[in-house]
Amino acid sequence: MRPTAPVRIFTAAAAVHTLAGPDGPRSGAAMAELGTIPHGAVVVDDTGAIAWVGATSDLPASFADAEIIDCTGKTLMPAFVDAHTHLVWGGDRKDELEMRIAGADYERIFATGGGILSSVRQTRAIDDDTLYAQSLVRIERMRRAGTTTFEIKSGYGLELAAELRQLRVARRLGADFRVRTTCLAAHAVPAEARVSAAARAAFIESICAEILPAVARANLADFADVFCDRGAFDVDESRRVLLAARALGLGLRVHANELGATGGAQLAAELGAASADHLLYVGDAERTALREAGVVAILLPGTSLVLGKPYADGRAMVEAGVPVAVATDCNPGSCAFENLAMVLALACYGNRLSPAEAVCAATHNAACSLGLGDRVGSLKPGRRADLLVLDTPDVRDLVYHAGSPLVGQVWQDGLRVA
Ligand code: NIG
Ligand code: FE
(Lines give C-alpha, C1' and ligand atoms only; values in the text may rest on other atoms or scores of the structure.)
(Ligands and ions follow the chains in the order given, each with its own letter.)
Protein backbone atom coordinates (compact mmCIF):
# COMPACT_ATOMS: atom_id res chain seq x y z
CA MET A 1 0.00 0.00 0.00
CA ARG A 2 1.16 3.52 -0.81
CA PRO A 3 2.29 5.38 2.34
CA THR A 4 0.14 8.43 2.98
CA ALA A 5 1.23 11.79 4.27
CA PRO A 6 -0.74 14.83 5.37
CA VAL A 7 -0.54 17.39 2.59
CA ARG A 8 -3.14 19.99 3.45
CA ILE A 9 -4.67 21.30 6.65
CA PHE A 10 -7.90 23.29 6.62
CA THR A 11 -7.53 25.07 9.92
CA ALA A 12 -9.31 27.46 12.30
CA ALA A 13 -12.78 27.09 10.71
CA ALA A 14 -15.57 28.68 12.77
CA ALA A 15 -17.38 25.34 12.42
CA VAL A 16 -16.73 21.98 10.77
CA HIS A 17 -19.97 20.13 10.05
CA THR A 18 -18.62 16.59 9.80
CA LEU A 19 -21.93 14.74 9.37
CA ALA A 20 -20.03 12.00 11.22
CA GLY A 21 -22.53 9.66 12.83
CA PRO A 22 -24.15 6.36 12.12
CA ASP A 23 -23.51 4.80 8.71
CA GLY A 24 -26.53 4.43 6.47
CA PRO A 25 -29.30 6.91 5.71
CA ARG A 26 -30.43 9.01 8.69
CA SER A 27 -34.00 9.70 9.69
CA GLY A 28 -35.98 11.57 12.33
CA ALA A 29 -34.01 13.62 14.85
CA ALA A 30 -30.67 12.21 13.59
CA MET A 31 -31.06 14.21 10.37
CA ALA A 32 -30.46 17.45 12.28
CA GLU A 33 -27.30 16.22 14.01
CA LEU A 34 -24.48 17.60 11.92
CA GLY A 35 -21.56 16.39 14.05
CA THR A 36 -20.35 19.96 14.40
CA ILE A 37 -16.86 20.77 15.70
CA PRO A 38 -16.43 24.44 16.63
CA HIS A 39 -12.98 25.93 15.83
CA GLY A 40 -12.30 22.86 13.74
CA ALA A 41 -9.69 21.54 11.36
CA VAL A 42 -9.56 18.90 8.61
CA VAL A 43 -6.38 17.22 7.39
CA VAL A 44 -6.17 15.72 3.91
CA ASP A 45 -3.54 13.18 2.84
CA ASP A 46 -1.75 12.68 -0.48
CA THR A 47 -4.26 10.07 -1.67
CA GLY A 48 -7.08 12.64 -1.54
CA ALA A 49 -8.58 11.09 1.58
CA ILE A 50 -9.37 12.72 4.90
CA ALA A 51 -6.66 11.85 7.43
CA TRP A 52 -7.86 13.65 10.54
CA VAL A 53 -10.77 15.81 11.77
CA GLY A 54 -10.93 17.61 15.12
CA ALA A 55 -10.54 20.84 17.05
CA THR A 56 -7.81 23.12 15.72
CA SER A 57 -6.25 23.21 19.19
CA ASP A 58 -5.84 19.40 19.07
CA LEU A 59 -4.00 19.26 15.72
CA PRO A 60 -1.12 16.76 16.06
CA ALA A 61 2.33 18.38 15.81
CA SER A 62 3.39 15.70 13.29
CA PHE A 63 1.27 17.47 10.64
CA ALA A 64 3.49 20.57 10.85
CA ASP A 65 4.90 20.60 7.29
CA ALA A 66 1.55 20.38 5.46
CA GLU A 67 0.12 23.31 3.48
CA ILE A 68 -2.16 25.42 5.67
CA ILE A 69 -5.50 26.72 4.42
CA ASP A 70 -6.72 29.29 6.88
CA CYS A 71 -10.51 29.00 7.30
CA THR A 72 -10.94 31.70 9.95
CA GLY A 73 -14.53 32.95 9.89
CA LYS A 74 -15.56 30.21 7.46
CA THR A 75 -17.50 26.93 7.56
CA LEU A 76 -16.27 23.52 6.40
CA MET A 77 -18.78 20.91 5.27
CA PRO A 78 -18.96 17.93 2.91
CA ALA A 79 -19.41 18.81 -0.77
CA PHE A 80 -22.96 18.40 -2.02
CA VAL A 81 -24.22 15.13 -3.52
CA ASP A 82 -26.89 15.56 -6.21
CA ALA A 83 -28.74 12.23 -6.20
CA HIS A 84 -31.24 12.97 -9.00
CA THR A 85 -30.27 14.65 -12.26
CA HIS A 86 -30.97 14.22 -15.96
CA LEU A 87 -28.03 16.45 -16.86
CA VAL A 88 -27.07 14.77 -20.15
CA TRP A 89 -29.44 16.14 -22.79
CA GLY A 90 -29.34 17.89 -26.16
CA GLY A 91 -30.70 21.35 -26.97
CA ASP A 92 -33.09 23.14 -24.66
CA ARG A 93 -36.80 23.75 -23.98
CA LYS A 94 -36.83 27.48 -23.30
CA ASP A 95 -39.85 27.81 -25.59
CA GLU A 96 -41.81 25.69 -23.10
CA LEU A 97 -40.60 27.82 -20.24
CA GLU A 98 -42.28 30.81 -21.83
CA MET A 99 -45.42 28.79 -22.69
CA ARG A 100 -45.71 27.54 -19.11
CA ILE A 101 -45.24 30.99 -17.62
CA ALA A 102 -48.04 32.13 -19.92
CA GLY A 103 -50.27 29.37 -18.48
CA ALA A 104 -49.68 26.18 -20.50
CA ASP A 105 -49.73 22.95 -18.47
CA TYR A 106 -46.66 20.65 -18.28
CA GLU A 107 -48.70 17.45 -18.58
CA ARG A 108 -50.64 18.81 -21.54
CA ILE A 109 -47.42 19.75 -23.37
CA PHE A 110 -46.09 16.22 -22.67
CA ALA A 111 -49.29 14.50 -23.82
CA THR A 112 -49.24 16.36 -27.12
CA GLY A 113 -45.70 15.32 -28.08
CA GLY A 114 -43.66 18.15 -26.52
CA GLY A 115 -41.97 18.02 -23.16
CA ILE A 116 -39.75 14.95 -22.71
CA LEU A 117 -40.33 13.94 -26.36
CA SER A 118 -38.99 17.29 -27.57
CA SER A 119 -35.76 16.61 -25.66
CA VAL A 120 -35.69 13.08 -27.12
CA ARG A 121 -35.75 14.53 -30.64
CA GLN A 122 -33.04 17.07 -29.84
CA THR A 123 -30.85 14.53 -28.01
CA ARG A 124 -31.09 11.91 -30.76
CA ALA A 125 -30.16 14.55 -33.36
CA ILE A 126 -26.70 15.49 -32.07
CA ASP A 127 -23.44 13.52 -32.07
CA ASP A 128 -21.64 12.16 -29.01
CA ASP A 129 -19.09 14.95 -28.73
CA THR A 130 -21.75 17.65 -28.94
CA LEU A 131 -23.84 15.87 -26.31
CA TYR A 132 -20.75 15.62 -24.09
CA ALA A 133 -19.80 19.27 -24.63
CA GLN A 134 -23.31 20.57 -23.84
CA SER A 135 -23.50 18.42 -20.70
CA LEU A 136 -20.01 19.40 -19.56
CA VAL A 137 -21.01 23.08 -19.44
CA ARG A 138 -23.81 22.21 -17.02
CA ILE A 139 -21.90 19.83 -14.77
CA GLU A 140 -19.04 22.32 -14.44
CA ARG A 141 -21.49 25.00 -13.32
CA MET A 142 -23.01 22.52 -10.86
CA ARG A 143 -19.61 21.78 -9.38
CA ARG A 144 -18.80 25.47 -9.13
CA ALA A 145 -21.94 25.72 -6.97
CA GLY A 146 -20.62 23.00 -4.65
CA THR A 147 -21.62 19.57 -5.98
CA THR A 148 -18.91 16.97 -6.61
CA THR A 149 -21.05 13.79 -6.77
CA PHE A 150 -23.78 13.36 -9.37
CA GLU A 151 -26.39 10.79 -10.24
CA ILE A 152 -27.10 11.04 -13.99
CA LYS A 153 -30.07 9.41 -15.71
CA SER A 154 -30.60 8.55 -19.34
CA GLY A 155 -34.15 8.75 -20.71
CA TYR A 156 -33.85 11.14 -23.66
CA GLY A 157 -32.92 8.30 -26.02
CA LEU A 158 -35.84 5.85 -25.62
CA GLU A 159 -34.26 3.48 -28.12
CA LEU A 160 -31.24 1.21 -27.72
CA ALA A 161 -28.50 3.19 -29.45
CA ALA A 162 -29.54 6.58 -28.08
CA GLU A 163 -29.91 5.29 -24.48
CA LEU A 164 -26.46 3.67 -24.66
CA ARG A 165 -25.01 6.91 -26.02
CA GLN A 166 -26.46 9.02 -23.21
CA LEU A 167 -25.06 6.63 -20.62
CA ARG A 168 -21.66 6.54 -22.36
CA VAL A 169 -21.54 10.33 -22.17
CA ALA A 170 -22.46 10.16 -18.47
CA ARG A 171 -19.66 7.63 -17.86
CA ARG A 172 -17.27 9.89 -19.79
CA LEU A 173 -18.15 12.76 -17.44
CA GLY A 174 -17.28 10.31 -14.67
CA ALA A 175 -13.60 10.63 -15.59
CA ASP A 176 -13.53 14.11 -14.01
CA PHE A 177 -16.58 14.13 -11.75
CA ARG A 178 -17.88 11.55 -9.28
CA VAL A 179 -20.77 10.05 -11.25
CA ARG A 180 -23.28 7.24 -10.70
CA THR A 181 -25.44 6.44 -13.72
CA THR A 182 -29.05 5.35 -14.03
CA CYS A 183 -30.83 3.86 -17.04
CA LEU A 184 -34.21 5.61 -17.35
CA ALA A 185 -35.26 4.05 -20.65
CA ALA A 186 -38.78 3.95 -19.14
CA HIS A 187 -39.01 7.75 -18.99
CA ALA A 188 -41.76 8.14 -21.60
CA VAL A 189 -43.38 6.17 -24.39
CA PRO A 190 -41.63 7.42 -27.56
CA ALA A 191 -43.68 8.76 -30.47
CA GLU A 192 -43.11 5.63 -32.58
CA ALA A 193 -44.61 3.44 -29.81
CA ARG A 194 -47.71 5.60 -29.27
CA VAL A 195 -49.47 4.34 -32.37
CA SER A 196 -51.12 1.30 -30.74
CA ALA A 197 -51.37 -0.70 -27.52
CA ALA A 198 -49.26 -3.39 -29.16
CA ALA A 199 -46.51 -0.91 -30.02
CA ARG A 200 -46.53 0.34 -26.44
CA ALA A 201 -46.25 -3.23 -25.10
CA ALA A 202 -43.43 -3.93 -27.57
CA PHE A 203 -41.54 -0.86 -26.32
CA ILE A 204 -41.76 -2.06 -22.71
CA GLU A 205 -40.66 -5.51 -23.82
CA SER A 206 -37.68 -3.98 -25.64
CA ILE A 207 -36.64 -2.14 -22.46
CA CYS A 208 -36.68 -5.40 -20.50
CA ALA A 209 -35.26 -7.77 -23.12
CA GLU A 210 -32.94 -5.52 -25.11
CA ILE A 211 -32.05 -2.12 -23.64
CA LEU A 212 -31.46 -3.03 -19.98
CA PRO A 213 -29.46 -6.21 -20.82
CA ALA A 214 -27.25 -4.24 -23.25
CA VAL A 215 -26.73 -1.49 -20.68
CA ALA A 216 -25.81 -4.03 -18.01
CA ARG A 217 -23.47 -5.96 -20.35
CA ALA A 218 -21.55 -2.78 -21.15
CA ASN A 219 -21.56 -1.78 -17.46
CA LEU A 220 -23.06 1.57 -18.36
CA ALA A 221 -25.47 1.90 -15.42
CA ASP A 222 -25.44 1.43 -11.67
CA PHE A 223 -29.22 1.82 -11.33
CA ALA A 224 -32.44 1.70 -13.32
CA ASP A 225 -35.36 4.10 -12.85
CA VAL A 226 -38.95 4.29 -14.12
CA PHE A 227 -41.27 7.30 -14.45
CA CYS A 228 -44.24 5.62 -12.74
CA ASP A 229 -46.92 8.25 -13.07
CA ARG A 230 -49.91 9.61 -14.98
CA GLY A 231 -49.11 9.94 -18.69
CA ALA A 232 -45.98 7.77 -18.37
CA PHE A 233 -45.94 4.15 -17.05
CA ASP A 234 -48.45 2.47 -14.76
CA VAL A 235 -47.54 0.33 -11.76
CA ASP A 236 -47.64 -3.02 -13.59
CA GLU A 237 -45.49 -1.74 -16.46
CA SER A 238 -43.07 -0.15 -13.99
CA ARG A 239 -42.82 -3.32 -11.90
CA ARG A 240 -41.93 -5.32 -15.00
CA VAL A 241 -39.13 -2.97 -15.94
CA LEU A 242 -37.76 -2.74 -12.40
CA LEU A 243 -37.81 -6.53 -11.91
CA ALA A 244 -35.92 -6.97 -15.19
CA ALA A 245 -33.36 -4.41 -13.99
CA ARG A 246 -33.01 -6.08 -10.63
CA ALA A 247 -32.42 -9.47 -12.25
CA LEU A 248 -29.50 -7.85 -14.12
CA GLY A 249 -27.97 -6.64 -10.86
CA LEU A 250 -28.95 -2.98 -11.16
CA GLY A 251 -30.06 -0.92 -8.17
CA LEU A 252 -33.54 0.62 -8.37
CA ARG A 253 -34.85 4.19 -8.21
CA VAL A 254 -38.43 5.33 -8.95
CA HIS A 255 -39.94 8.61 -10.17
CA ALA A 256 -43.02 8.34 -7.95
CA ASN A 257 -46.17 10.32 -7.17
CA GLU A 258 -45.09 13.52 -8.94
CA LEU A 259 -48.33 14.06 -10.84
CA GLY A 260 -50.79 12.00 -8.81
CA ALA A 261 -51.21 9.25 -6.20
CA THR A 262 -50.40 6.62 -8.78
CA GLY A 263 -48.81 3.87 -6.67
CA GLY A 264 -45.14 4.57 -7.46
CA ALA A 265 -44.12 5.08 -3.83
CA GLN A 266 -45.72 1.77 -2.80
CA LEU A 267 -43.96 0.04 -5.68
CA ALA A 268 -40.60 1.49 -4.59
CA ALA A 269 -41.25 0.11 -1.10
CA GLU A 270 -42.42 -3.27 -2.42
CA LEU A 271 -39.20 -3.69 -4.41
CA GLY A 272 -36.91 -2.18 -1.76
CA ALA A 273 -35.68 0.52 -4.14
CA ALA A 274 -32.74 2.71 -3.15
CA SER A 275 -34.91 5.79 -3.61
CA ALA A 276 -38.40 7.06 -4.39
CA ASP A 277 -38.25 10.53 -5.88
CA HIS A 278 -40.64 13.54 -6.11
CA LEU A 279 -43.43 12.24 -3.76
CA LEU A 280 -45.78 15.23 -4.00
CA TYR A 281 -48.90 13.10 -3.58
CA VAL A 282 -48.34 10.72 -0.66
CA GLY A 283 -50.05 10.06 2.66
CA ASP A 284 -49.42 8.08 5.83
CA ALA A 285 -49.64 4.70 4.06
CA GLU A 286 -46.87 5.59 1.60
CA ARG A 287 -44.68 7.12 4.29
CA THR A 288 -45.00 4.02 6.46
CA ALA A 289 -44.21 1.75 3.52
CA LEU A 290 -41.11 3.78 2.59
CA ARG A 291 -39.85 3.80 6.18
CA GLU A 292 -40.37 0.07 6.65
CA ALA A 293 -38.59 -0.71 3.38
CA GLY A 294 -35.68 1.66 4.12
CA VAL A 295 -36.24 3.65 0.91
CA VAL A 296 -34.67 7.14 0.77
CA ALA A 297 -37.25 9.80 -0.15
CA ILE A 298 -35.63 12.23 -2.58
CA LEU A 299 -37.37 15.61 -2.64
CA LEU A 300 -37.04 17.87 -5.68
CA PRO A 301 -38.45 21.25 -4.64
CA GLY A 302 -37.03 23.07 -7.67
CA THR A 303 -39.46 21.11 -9.86
CA SER A 304 -42.42 22.10 -7.68
CA LEU A 305 -41.39 25.75 -8.00
CA VAL A 306 -40.90 25.65 -11.77
CA LEU A 307 -44.09 23.69 -12.50
CA GLY A 308 -46.19 25.63 -9.98
CA LYS A 309 -47.05 22.44 -8.11
CA PRO A 310 -47.34 21.73 -4.39
CA TYR A 311 -44.19 20.98 -2.42
CA ALA A 312 -43.73 17.43 -1.10
CA ASP A 313 -44.39 17.36 2.64
CA GLY A 314 -40.82 16.91 3.85
CA ARG A 315 -41.77 17.70 7.43
CA ALA A 316 -44.22 14.78 7.54
CA MET A 317 -41.58 12.58 5.91
CA VAL A 318 -38.99 13.38 8.62
CA GLU A 319 -41.57 12.97 11.37
CA ALA A 320 -42.61 9.61 9.94
CA GLY A 321 -38.98 8.44 10.16
CA VAL A 322 -38.31 8.24 6.43
CA PRO A 323 -34.72 9.20 5.49
CA VAL A 324 -34.91 12.26 3.25
CA ALA A 325 -32.53 13.51 0.54
CA VAL A 326 -32.80 16.63 -1.61
CA ALA A 327 -31.69 16.95 -5.24
CA THR A 328 -31.96 19.36 -8.17
CA ASP A 329 -33.70 17.11 -10.76
CA CYS A 330 -31.63 19.14 -13.26
CA ASN A 331 -33.37 18.41 -16.59
CA PRO A 332 -34.32 20.35 -19.72
CA GLY A 333 -38.02 20.74 -18.93
CA SER A 334 -39.42 20.61 -15.43
CA CYS A 335 -36.40 22.13 -13.65
CA ALA A 336 -33.04 23.08 -15.15
CA PHE A 337 -31.64 24.31 -11.83
CA GLU A 338 -27.99 23.49 -11.32
CA ASN A 339 -27.36 25.03 -7.92
CA LEU A 340 -28.02 22.42 -5.20
CA ALA A 341 -27.30 24.99 -2.46
CA MET A 342 -30.23 27.02 -3.76
CA VAL A 343 -32.43 23.91 -3.90
CA LEU A 344 -31.41 23.08 -0.31
CA ALA A 345 -32.91 26.44 0.66
CA LEU A 346 -36.10 25.62 -1.27
CA ALA A 347 -36.30 22.37 0.70
CA CYS A 348 -36.55 24.49 3.85
CA TYR A 349 -39.08 27.04 2.59
CA GLY A 350 -41.06 24.60 0.44
CA ASN A 351 -40.69 21.12 1.96
CA ARG A 352 -40.30 22.54 5.50
CA LEU A 353 -37.05 20.83 6.40
CA SER A 354 -34.93 22.62 8.98
CA PRO A 355 -31.62 24.02 7.64
CA ALA A 356 -29.71 21.26 9.45
CA GLU A 357 -31.99 18.54 8.05
CA ALA A 358 -31.57 19.99 4.57
CA VAL A 359 -27.76 19.88 4.91
CA CYS A 360 -27.96 16.17 5.81
CA ALA A 361 -30.40 15.64 2.93
CA ALA A 362 -28.03 17.17 0.36
CA THR A 363 -24.90 15.39 1.61
CA HIS A 364 -24.88 12.19 3.69
CA ASN A 365 -28.40 10.93 2.93
CA ALA A 366 -28.00 11.67 -0.78
CA ALA A 367 -24.70 9.76 -0.79
CA CYS A 368 -26.33 6.80 0.97
CA SER A 369 -29.09 6.67 -1.64
CA LEU A 370 -26.34 6.19 -4.25
CA GLY A 371 -24.48 3.55 -2.23
CA LEU A 372 -21.67 6.05 -1.65
CA GLY A 373 -22.22 6.84 2.03
CA ASP A 374 -18.88 5.25 2.91
CA ARG A 375 -16.98 7.52 0.49
CA VAL A 376 -18.57 10.98 0.41
CA GLY A 377 -21.19 13.09 2.19
CA SER A 378 -19.39 13.21 5.54
CA LEU A 379 -16.00 14.32 6.83
CA LYS A 380 -14.43 11.36 8.62
CA PRO A 381 -10.95 9.82 8.40
CA GLY A 382 -10.84 7.55 5.36
CA ARG A 383 -13.59 9.34 3.41
CA ARG A 384 -12.72 11.11 0.16
CA ALA A 385 -11.75 14.74 0.73
CA ASP A 386 -14.75 16.24 -1.09
CA LEU A 387 -15.49 19.37 0.90
CA LEU A 388 -16.65 22.96 0.75
CA VAL A 389 -15.30 26.10 2.36
CA LEU A 390 -18.27 28.44 2.89
CA ASP A 391 -17.62 32.17 3.16
CA THR A 392 -19.70 32.44 6.33
CA PRO A 393 -19.34 31.16 9.89
CA ASP A 394 -23.00 30.00 9.93
CA VAL A 395 -24.21 27.23 7.62
CA ARG A 396 -27.79 28.49 8.00
CA ASP A 397 -26.81 31.37 5.73
CA LEU A 398 -27.24 28.92 2.83
CA VAL A 399 -30.96 29.23 3.61
CA TYR A 400 -31.14 32.71 5.11
CA HIS A 401 -29.25 34.26 2.19
CA ALA A 402 -30.44 31.67 -0.35
CA GLY A 403 -28.82 32.08 -3.75
CA SER A 404 -25.90 34.24 -2.54
CA PRO A 405 -22.45 33.02 -3.63
CA LEU A 406 -21.44 31.54 -0.26
CA VAL A 407 -19.57 28.49 -1.60
CA GLY A 408 -16.04 29.94 -1.61
CA GLN A 409 -14.00 26.82 -2.39
CA VAL A 410 -14.84 23.37 -3.75
CA TRP A 411 -12.42 20.46 -3.16
CA GLN A 412 -12.73 17.03 -4.74
CA ASP A 413 -10.42 14.15 -3.81
CA GLY A 414 -8.25 16.66 -1.95
CA LEU A 415 -7.76 18.90 -4.99
CA ARG A 416 -9.28 22.34 -5.45
CA VAL A 417 -11.74 22.23 -8.37
CA ALA A 418 -13.51 25.58 -7.91
O1 NIG B 1 -38.06 14.32 -12.99
N2 NIG B 1 -40.73 13.42 -14.20
C3 NIG B 1 -40.09 13.00 -15.15
N4 NIG B 1 -38.90 13.40 -15.54
C5 NIG B 1 -38.34 14.68 -15.26
C6 NIG B 1 -38.79 15.71 -16.22
C7 NIG B 1 -38.14 15.53 -17.48
C8 NIG B 1 -38.46 16.54 -18.53
O9 NIG B 1 -39.45 17.31 -18.45
O10 NIG B 1 -37.69 16.53 -19.48
C11 NIG B 1 -38.60 15.04 -13.82
O12 NIG B 1 -39.26 16.03 -13.50
FE1 FE C 1 -36.43 13.47 -12.63
Condition first: part of a helix (DSSP H, G or I), surrounded by 19 or more Cβ atoms within 10 Å (Cβ to Cβ) and either among the hydroxyl-bearing types (Ser, Thr, Tyr) or free of Cβ contacts under 8 Å to residues at least 24 places away in the same chain (or both). Now tell me which residues in segment 110-131 satisfy that.
Ser118, Ser119, Thr123
For residues in segment 68-94 being part of a strand (DSSP E or B) and charged (D, E, K, R), which is farthest from ligand 1 (Cβ to nearest atom)?
Asp70
Out of the helices (runs of 4 or more DSSP H) lying entirely within segment 308-362, which hold 1 or more residues that are under 30 Å from Gly90 (Cβ atoms) and more than 16 Å from ligand 1 (Cβ to nearest atom)?
340-349
Tell me yes or no: at least one residue of segment 74-86 is open to solvent by 10 Å² or more (accessible area, probe 1.4 Å), modelled with pLDDT of 95 or more and either touching a strand residue (DSSP E or B) at 6+ places or on another chain (Cβ under 8 Å) or within 24 Å of Val389 (Cβ to Cβ) (or both).
yes
Using the structure shown, decide if Ala261 is more than 19 Å from Thr182 (Cα to Cα) and either within 16 Å of ligand 1 (Cβ to nearest atom) or not charged (D, E, K, R) (or both).
yes
So if I check each of Ala325, Ala316, which one is open to solvent by less than 40 Å² (accessible area, probe 1.4 Å), among the small types (Gly, Ala, Ser) and more than 22 Å from Ala79 (Cα to Cα)?
Ala316
Could you tell me whether any residue of segment 267-287 is among the basic types (Lys, Arg), away from ligand 2 (no atom under 15 Å from the Cβ) and open to solvent by 40 Å² or more (accessible area, probe 1.4 Å)?
no
Limited to segment 208-233, what total is found for residues that are in a strand (DSSP E or B) and within 14 Å of Thr181 (Cα to Cα)?
4
In segment 52-73, how many are in contact with a Lys or Arg (Cβ under 9 Å, 6 or more places away or on another chain) and either surrounded by 12 or more Cβ atoms within 10 Å (Cβ to Cβ) or aliphatic (A, V, I, L, M) (or both)?
4
Here are Leu346, Leu353, Leu340, Leu370: which of them is closer than 14 Å to Ala274 by Cα and among the aliphatic types (A, V, I, L, M)?
Leu370
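The values are calculated or read from the model by the stated rules, or taken from the named source; none is laboratory data. The structure presented is a predicted model; accordingly, all values stated were derived computationally and were not measured. All Cβ positions, glycine included, derive from the backbone under ideal geometry; neighbour counts span all protein chains shown. Only protein heavy atoms, including side chains, enter the accessible area calculation; ligands, DNA and RNA are left aside. Shrake-Rupley method; radii C 1.70, N 1.55, O 1.52, S 1.80 Å.
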